[in-house]
Amino acid sequence: MNPSYTPSDVESAAQAVWRAADAYRVTEDTRKKKYYACSMLPYPSGRLHMGHVRNYTINDMLTRYLRMSGYNVLMPMGWDAFGLPAENAALKNGVPPAQWTYENIATMKGQLQAMGLAIDWSREIATCDPAYYKWNQWLFLKMLEKGIAYRKTQVVNWDPVDQTVLANEQVIDGKGWRTGATVERREIPGYYLKISDYAEELLDHTQHKLPGWPERVKLMQENWIGKSSGVRFAFPHDIKDAGGKLIQGGRMYVFTTRADTIMGVTFCAVAPEHPLAVHAATTNPKVAAFIDECKAGGTTEAELATQEKKGVATGLFVKHPITDERIPVWVGNYVLIAYGDGAVMGVPAHDERDFEFANKYGLEILQVIIDDDAPHFSYKKWQDWYADKTNGVTINSDVFSGMRHEEAVNAVAHALQIKGLGDKQTTWRLRDWGVSRQRYWGTPIPIIHCEEHGAVPVPEKDLPVVLPADCVPDGSGNPLNKHEGFHAGVVCPVCGKSARRETDTMDTFVDSAWYFMRYCDPHSDNAMVNGGAKYWMAMDQYIGGIEHAILHLLYARFWTKVMRDLKLINVDEPFLKLLTQGMVLNHIYYRRGDKGGKEYFPPAEVTPVLDEQGRISGGTLADGTTVEYGGVGKMGKTERNGVDPQDLIEKYGADTARLYTMFTAPPEATLEWNDAAVEGSYRFLRRVWIFGVGLKDLAADVKGVKAAATYGAEAKKLRREVHTVLRQIDYDYQRMQYNTVVSGAMKLLNALEGFKPQPGKVGDTAAVREGFGILLRCLYPATPHIAQQLWKELGYDDGHGNLLDTAWPKVDAVALEQDEIELVLQVNGKLRGAVRVPSAASKQDIEKLALSSEDFVKFAAGAAVKRVIVVPGRLVNVVV
């Protein structure tokens with residue numbers, strides 16, 4: 001046994017044992033209670049970062065603990081391999097995305113294996129594998145059959161130079177990320193999935209079927225689904241198109257949750273794509289120019305919320321539905337055509353956005369809500385009470401005056417219903433999921449376009465529609481449009497005539513919406529899922545970052561419900577419990593370029609400069625030049641503040657990297673990188689190894705030494721401390737508080753190091769070996785390599801087996817018992833010392849021992865005893 005701790009030797013030996021035994025291959029076993037624990041699959045961007053290490057170590061600790069506790073545990077891994085980064089890399093490096101992706105997968109898989117993770121690699125998947133995405137296509141066709149998938153026009157970001165659609169993150173200040181061209185908003189056809197049909201169930205299950213989810217994530221889901229009760233009604237008008245036909249039948253519809261403020265409407269705003277805006281643009285150059293300007297803006301609600309609110313008057317008017325008053329129609333850049341009816345009523349006095357807009361353009365503001373307890377209404381300064389619907393009462397509202405919110409809403413809804421213009425309605429913020437992407441590296445949408453029969457589904461027997469792997473994007477649009485092999489020989493499945501293959505690919509959220517179910521049946525050629533999914537699903541524990549709290553989780557829940565309705569699975573929700581691990585943070589250093597851009601520098605290359613308070617104010621590089629300090633932020637490639645786990649493994653070993661990420665902070669909390677703490681984790685493991693080396697010299701044949709009579713007083717004390725800590729560690733494992741698990745292991749080592757076994761006392765040796773065996777098993781989920789090797793070297797495994805298959809240690813109730821206990825001694829209620837008594841001593845025995853103790857004799861000074869009060873297990877108070 002090597003007397004010094006050499007991580008590389010220890011870890012290679014342990015991993016050889018696991019490979020030889022195929023230790024992590026898992027099969028369905030109905031004799032055991034199953035547990036499915038899964039981390040969100042990574043994007044193969046090139047190398048792991050410490051955020052990955054933390055995420056997967058959390059999963060690994062859970063897996064090993066539960067397997068040792070008798071569960072059949074599945075921990076799989078795969079690759080979220082489609083997506084835009086691969087295309088960007090192809091543009092930069094001139095290599096096909098497929099080549100770049102698979103090279104990165106090989107690199108990252110090697111890093112994961114070096115971490116010693118208990119992954120069942122026999123279930124590995126890559127979402128860019130035709131054997132996987134075939135089932136994306138198959139389910140899409142089933143959704144088409146059921147009417148869940150459908151085709152309609154969609155608004156996209158269009159780069160007129162590259163002739164391609166851009167993702168929102170590729171639009172920077174209204175310009176294409178690569179060309180710098182002004183981006184346009186265009187309407188093009190695409191496919192949508194009716195997630196809105198599941199809105200009610202998704203919301204209900206969020207509130208009642210996800211007890212193991214963090215409350216903040218459930219709230220985020222609820223807000224995104226966004227159930228709103230209000231009134232949908234029309235502003236009548238007589239505006240006609242060029243053919244003399246009333247536009248939209250002479251009605252401009254809006255939806256509002258504040259119908260109680262309807263008498264305060266002073267304008268209406270429509271989206272740039274709204275039919276009234278388009279009509280106005282034909283005769284009003286200002287409107288036309290403004291609509292063109294809006295095309296360069298964002299396409300999402302989040303983007304519009306942060307941009308400056310702008311508008312232009314159309315010169316058109318609609319009628320107020322209650323008063324018949326003429327209401328001017330404006331085009332607003334903050335109104336989205338995809339939300340509601342693409343039009344909103346403007347009530348400046350009681351909506352902050354409308355208030356800002358009205359003051360900017362000099363529009364009338366009418367107060368129609370009053371709160372006697374609130375400050376005076378100001379037409380120039382917004383106050384939060386203007387929008388409060390809990391305390392206000394309607395004013396200036398004709399027959400609706402004097403009403404509170406709910407009463408006024410009901411009265412207005414009734415009045416509109418009588419006039420045939422509207423009624424109460426429930427709406428949803430959730431919009432149908434647009435899955436068409438005009439990009440190459442993704443799942444081909446299985447549609448063939450025929451001049452006679454239109455969009456025709458690809459027959460199931462012809463799946464998968466295989467994506468060519470040899471394309472190299474060059475920035476001139478989707479390369480699939482020019483790939484002869486992709487289009488060669490395509491005929492219409494209906495008429496057999498020459499046709500064109502769809503070149504749009506699916507949103508990559510489709511890939512991640514069900515991959516966790518494919519892990520259950522990864523090699524099934526004839527079914528999307530099979531018996532494995534019935535055994536493993538629903539997933540017991542899902543682990544991933546809070547940044548995926550909305551879209552990924554929502555789409556996965558929707559996809560699960562669709563598969564359920566198609567009788568593929570029998571669960572309503574995919575994830576029973578969810579843990580959102582905290583981010584790993586590090587310092588950020590940068591230097592500004594001539595054009596204002598930032599050049600970032602790795603913290604390892606910077607010597608921090610401290611101010612008078614000892615805080616970092618900047619830094620210097622090796623060449624003496626200075627850099628600015630950007631604070632502490634999430635590790636990322638852009639900021640170059642990531643720590644490569646491979647460097648850490650080579651210097652300290654994988655166990656140190658794992659231990660550090662678990663010990664430094666609870667799983668849900670952020671972790672700020674600290675090089676000194678990494679060194680501390682390594683020193684602890686070195687102490688564990690050195691203690692094990694010393695234990696090798698103690699007598700090993702102490703099996704069966706369990707009788708309490710065999711242990712001396714000090715050995716019993718050691719066992720009591722060991723089993724007390726074990727009880728806490730086991731509790732912390734159950735609640736996944738792994739930082740305190742590690743601190744508990746450190747307490748165990750301290751106790752063992754502090755115990756000095758007496759030569760010839762078998763009980764002492766037995767107590768130490770038992771304690772160290774418990775320590776190794778408690779450490780094993782966190783640091784499996786060193787625990788495995790010491791377990792084997794010290795003969796705990798009887799020469800065979802794997803620590804992974806060893807039973808989790810149980811707390812010995814006998815060890816927790818104490819022969820003696822220490823009670824606080826008080827004289828006349830004041831602390832005067834302590835008295836040790838047998839744990840089974842009677843009240844009379846305790847009184848005698850207290851009265852004869854040196855502390856009592858000293859402080860009583862011969863005074864007569866009036867009364868003795870004994871509080872069992874705690875104290876003795878002698879009244880004199």
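Structure summary
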read-out: Any chance Met143 is assigned to a helix (DSSP H, G or I), in contact (Cβ under 8 Å) with a residue 24 or more places away in the chain, farther than 26 Å from Ile448 by Cβ and among the aliphatic types (A, V, I, L, M); value: no
read-out: Test: residue in the range 739-749 that is at pLDDT 90 or above and more than 27 Å from Ser69 (Cβ to Cβ); value: no
read-out: Filtered residues of the range 505-534 (kept if under 12 Å from Ile569 (Cβ atoms), of a type in the set (Gly, Ala, Ser) and either assigned to a loop (DSSP other than H, G, I, E, B) or without any contact (Cβ under 8 Å) to a residue 12 or more places away in the chain (or both)); value: Ala527
read-out: Test: Gly46 is part of a loop (DSSP other than H, G, I, E, B), of a type in the set (Gly, Ala, Ser) and under 18 Å from Ala81 (Cβ atoms); value: yes
read-out: Restricting the range 68-109 to residues that are hydrophobic (A, V, I, L, M, F, W, C) and in a loop (DSSP other than H, G, I, E, B), the residue that is nearest to Asp29 (Cα to Cα); value: Met75
read-out: Thr314 being over 27 Å from Glu187 (Cβ atoms), of a type in the set (S, T, N, Q) and at pLDDT 95 or above; value: no
read-out: Single unsatisfied condition, Thr57 versus (1) polar (S, T, N, Q); (2) closer than 23 Å to Leu585 by Cβ; (3) assigned to a loop (DSSP other than H, G, I, E, B); (4) at pLDDT 95 or above; value: (3)
read-out: In the range 537-572, the residues that are buried (at least 17 other Cβ atoms within 10 Å of the Cβ), assigned to a loop (DSSP other than H, G, I, E, B) and in contact with a Leu (Cβ under 9 Å, 6 or more places away or on another chain); value: Ala538, Asp540, Ala549, Leu568
read-out: Test set (1) outside any helix (DSSP H, G or I); (2) at pLDDT 90 or above; (3) touching a strand residue (DSSP E or B) at 6+ places or on another chain (Cβ under 7 Å); (4) at negative phi - Pro809 fails condition number; value: (3)
read-out: Top-ranked residue of the range 573-609 - restricted to ones that are loosely packed, with under 14 Cβ neighbours inside 10 Å and assigned to a loop (DSSP other than H, G, I, E, B), ranked as modelled with the lowest pLDDT; value: Lys595
read-out: Selected residue (only one of Tyr629, Tyr682 is closer than 18 Å to Thr57 by Cα, surrounded by 14 or more Cβ atoms within 10 Å (Cβ to Cβ) and either among the aromatic types (Phe, Trp, Tyr) or assigned by TED's automatic domain parsing to the domain that holds Leu62 (or both)); value: Tyr682
read-out: Number of positions in the range 146-174 that are assigned to a strand (DSSP E or B) and either outside the structural domain of Lys461 (by TED's automatic domain parsing) or touching a residue at least 40 places away in the same chain (Cβ under 8 Å) (or both); value: 11
read-out: Count of the range 183-224 residues which are basic (Lys, Arg), crowded, with 17+ Cβ neighbours inside 10 Å and over 17 Å from Leu554 (Cβ atoms); value: 1
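Every residue, every condition in (1) hydrophobic (A, V, I, L, M, F, W, C); (2) within 27 Å of Glu364 (Cα to Cα), yes or no:
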site	(1), (2)
Glu215	no, no
Asn223	no, no
Phe235	yes, yes
Ile239	yes, yes
Leu246	yes, no
Gly250	no, yes
Ala259	yes, yes
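The values are calculated or read from the model by the stated rules, or taken from the named source; none is laboratory data. All values derive from a computational prediction rather than experimental measurement. Here Cβ is always computed from backbone atoms with ideal geometry, including for glycine, and neighbour counts include all displayed protein chains.
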